[in-house]
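**Student:** Structure in structure tokens, see below.
The values are calculated or read from the model by the stated rules, or taken from the named source; none is laboratory data. These numbers were taken from a predicted model, which means no experiment stands behind them. Every residue, glycine as well, gets a Cβ built from its backbone with ideal geometry; the counts of neighbours run over all protein chains shown.
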Amino acid sequence: MTPLHIDTELYKLKKSLQEMWALVDKQLSKSQSALFDYDKALAREVLSREKLVDAYELKVDAECENFIALNNPVAIDLRLALAYIKINNNLERIGDFAEGIANFVHQGMSEKIPEDLLKELRLEEMFQEVIKMFVYAKEAIDTEDSSLAEKVFGIDFLVDNINSSSFKIIAKAIVDNPKKAEEYLYLLTAIRKLERIGDRCSNIAEEIVFYLDAKVLKHNDSQKTKK
């Protein structure tokens with residue numbers, strides 16, 4: 001195939017990945033609102049759309065595999081297709097974790113999280129930082145800016161620290177209110193899922209940096225050759 005045909009096929013892949021990203025973004029945003037607003041209806045909406053996320057993952061994977069099989073891409077084009085496959089898989093896992101948070105709201109919550117516990121856990125801050133990681137990763141691949149992807153790694157340390165401190169806080173909450181023990185343990189599980197979303201955002205950022213940095217290196221080499 002000519003380079004123009006390959007560019008057209010890559011554009012189609014990018015469009016499909018963007019659709020997957022938008023779908024997962026909605027799942028993540030709705031799970032956030034469901035958790036903090038104690039909105040079971042919104043949580044059910046997230047749960048009902050999980051199969052759509054799974055279907056999109058299969059669609060994007062199939063398109064990437066077909067692109068590789070039919071076009072035999074090399075260098076930058078191959079790295080991009082491989083990066084798309086890995087990013088797509090990580091997006092699907094983020095969708096799974098968002099579903100897990102929504103499931104906690106739907107089945108595990110009996111009331112809104114107490115305000116004092118919410119502040120002590122820094123849960124709103126944690127969720128906001130994870131959303132920020134997700135946004136930075138999306139902007140990084142859209143603008144082909146590896147510095148945006150690298151910002152994700154710094155935020156991940158903060159998310160991990162908040163997650164690490166949650167166990168003792170939840171343990172104390174259970175001692176103070178034993179009747180809520182089961183619900184608080186489910187909350188701890190939801191926090192763990194949020195931390196795992198952060199990890200998946202870091203995985204995506206790594207794939208973006210790999211693709212973009214290799215691309216920059218190749219361009220630099222070509223410039224030297226011209227000289």
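**Student:** Condition test on ALA55, is it of a type in the set (A, V, I, L, M, F, W, C) and under 14 Å from ALA34 (Cβ atoms)?
**Tutor:** Working: of a type in the set (A, V, I, L, M, F, W, C): yes; under 14 Å from ALA34 (Cβ atoms): no.
When the stated conditions are applied, ALA55 does not pass them.
**Student:** Related question: Could you list, in sequence order, the residues of segment 10-59 that are of a type in the set (A, V, I, L, M, F, W, C) and touching a Phe, Trp or Tyr at 6+ places or on another chain (Cβ under 7 Å)? Step through it out loud before you land on a result.
**Tutor:** First pass over segment 10-59, keeping only residues of a type in the set (A, V, I, L, M, F, W, C): 10, 13, 17, 20-24, 28, 34-36, 41-43, 46-47, 52-53, 55, 58.
Within segment 10-59, LEU13, LEU17, MET20, LEU23, LEU28 qualify.
**Student:** Scan the helices (runs of 4 or more DSSP H) fully inside segment 1-118 and keep the ones with 2 or more residues being closer than 25 Å to GLU139 by Cα and either in contact with an Asp or Glu (Cβ under 9 Å, 6 or more places away or on another chain) or of a type outside the set (Lys, Arg) (or both).
**Tutor:** Fully inside segment 1-118 and qualifying: 3-37, 50-71, 75-103.
**Student:** Does any residue of segment 62-79 turn out to be buried (at least 21 other Cβ atoms within 10 Å of the Cβ) and over 21 Å from LYS30 (Cα atoms)?
**Tutor:** Residues of segment 62-79 that are buried (at least 21 other Cβ atoms within 10 Å of the Cβ), as a first pass: 64, 67.
Now restrict to residues that are over 21 Å from LYS30 (Cα atoms): 64, 67.
Yes: segment 62-79 contains one or more residues that are buried (at least 21 other Cβ atoms within 10 Å of the Cβ) and over 21 Å from LYS30 (Cα atoms).
**Student:** Check segment 2-18 and report whether any residue there is under 17 Å from ILE197 (Cα atoms) and buried (at least 19 other Cβ atoms within 10 Å of the Cβ). Spell out the reasoning first.
**Tutor:** Taking segment 2-18 as the starting set, the residues that turn out to be under 17 Å from ILE197 (Cα atoms) are none.
There is no residue in segment 2-18 that is under 17 Å from ILE197 (Cα atoms) and buried (at least 19 other Cβ atoms within 10 Å of the Cβ).
**Student:** Does ALA41 meet the test of being among the aliphatic types (A, V, I, L, M), without any contact (Cβ under 8 Å) to a residue 60 or more places away in the chain and either under 19 Å from ILE101 (Cβ atoms) or in contact with a helix residue (DSSP H, G or I) (Cβ under 9 Å, 6 or more places away or on another chain) (or both)? Steps first, answer last, please.
**Tutor:** On the way: among the aliphatic types (A, V, I, L, M): yes; without any contact (Cβ under 8 Å) to a residue 60 or more places away in the chain: yes; either under 19 Å from ILE101 (Cβ atoms) or in contact with a helix residue (DSSP H, G or I) (Cβ under 9 Å, 6 or more places away or on another chain) (or both): yes.
For ALA41, the condition - among the aliphatic types (A, V, I, L, M), without any contact (Cβ under 8 Å) to a residue 60 or more places away in the chain and either under 19 Å from ILE101 (Cβ atoms) or in contact with a helix residue (DSSP H, G or I) (Cβ under 9 Å, 6 or more places away or on another chain) (or both) - is met.
**Student:** Is it the case that some residue within segment 98-108 is among the polar types (S, T, N, Q), under 23 Å from TYR186 (Cα atoms) and either surrounded by 15 or more Cβ atoms within 10 Å (Cβ to Cβ) or within 17 Å of the chain's Cα centre (by Cα) (or both)? Can you show your working first?
**Tutor:** In the first step, residues of segment 98-108 are kept if they are among the polar types (S, T, N, Q); the result is 103, 107.
Of the ones still in play, those that are also under 23 Å from TYR186 (Cα atoms) are 103, 107.
With the extra rule that they be either surrounded by 15 or more Cβ atoms within 10 Å (Cβ to Cβ) or within 17 Å of the chain's Cα centre (by Cα) (or both), the set shrinks to 103.
Yes, segment 98-108 contains at least one residue that is among the polar types (S, T, N, Q), under 23 Å from TYR186 (Cα atoms) and either surrounded by 15 or more Cβ atoms within 10 Å (Cβ to Cβ) or within 17 Å of the chain's Cα centre (by Cα) (or both).
**Student:** Right, something else. Would you mind finding the one in LEU70, LEU47, LEU78 that is hydrophobic (A, V, I, L, M, F, W, C), out of contact with any Leu (no Cβ under 7 Å at 6 or more places or on another chain) and at pLDDT 95 or above?
**Tutor:** Numbers: LEU70 fails: at pLDDT 95 or above; LEU78 fails: at pLDDT 95 or above.
The match here is LEU47.
**Student:** Taking segment 170-222 only, how many residues are hydroxyl-bearing (Ser, Thr, Tyr), at pLDDT below 95 and over 21 Å from the mean Cα position of the chain (by Cα)?
**Tutor:** Going through segment 170-222 one residue at a time, the tally reaches 1.
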